[in-house]
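A short worksheet on the structure shown next.
Values in this text are rule-based calculations from the coordinates and carry no lab data. What you see is a predicted model; the values in this text were computed from it and never measured. A quick note on method: Cβ atoms are made from the backbone with ideal geometry, for glycine too, and the neighbour counts reach across all protein chains shown.
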Amino acid sequence: MAPDPRAGFTVLVVDDDPSVLATYGRLLRRSGYTTVTAAGPREALADVAGAQADLLLLDYKMPGMDGLSLLAELRRRACRARCILVSAFLNEEVRKRAAGLGVDRVLEKPVDAGRLRTAIRDLLPMTGTPLDPGRAGI
């Protein structure tokens, strides 16, 4: 049996809603990805396990720091991971900020599991190797 090509990729999920965090984590693990979850931006910034993420799945609206501010800090720390932003609070300003920070996809909540899987498959090539061997993490 051939190894699962997704097993070489790590997805960092950040959401302040425990049920959403658990759902995304379960969906990603069942899809074969290594998954690290953080219950908010501060936890994500402190979590060394997220340092090698290939993909960030970030909620936009969170207490203390929104997902785009978190992404800006991660980029400042040389994190080059691909990014999907999810939100129920999308508007043109949020979309422009997201584009400026290199967000690859913006998905509106509630997120359909099939659309999320498709977005992730589009962003993580099915090679089983990290996107950037010299990844700089968080």
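General remarks:
- Segment 69-115: trypsin sites (Lys or Arg not before Pro) in DSSP coil with no more than 16 other Cβ atoms inside 10 Å: ARG77, ARG80
- Residues VAL86, VAL14, VAL103, arranged from fewest to most other Cβ atoms within 10 angstrom of their Cβ, appear as VAL103, VAL86, VAL14.
- Ranking of LEU55, LEU85 by count of other Cβ atoms within 10 Å, fewest first: LEU55, LEU85
- Taking every C-alpha pair closer than 8 Å and separated by at least 6 residues, the mean separation divided by the residue count of segment 5-122 gives a relative contact order of 22 percent.
- Two-decimal ratio, segment 5-122, of alpha-carbon radius of gyration to 2.2 N^0.38 Å: 0.95
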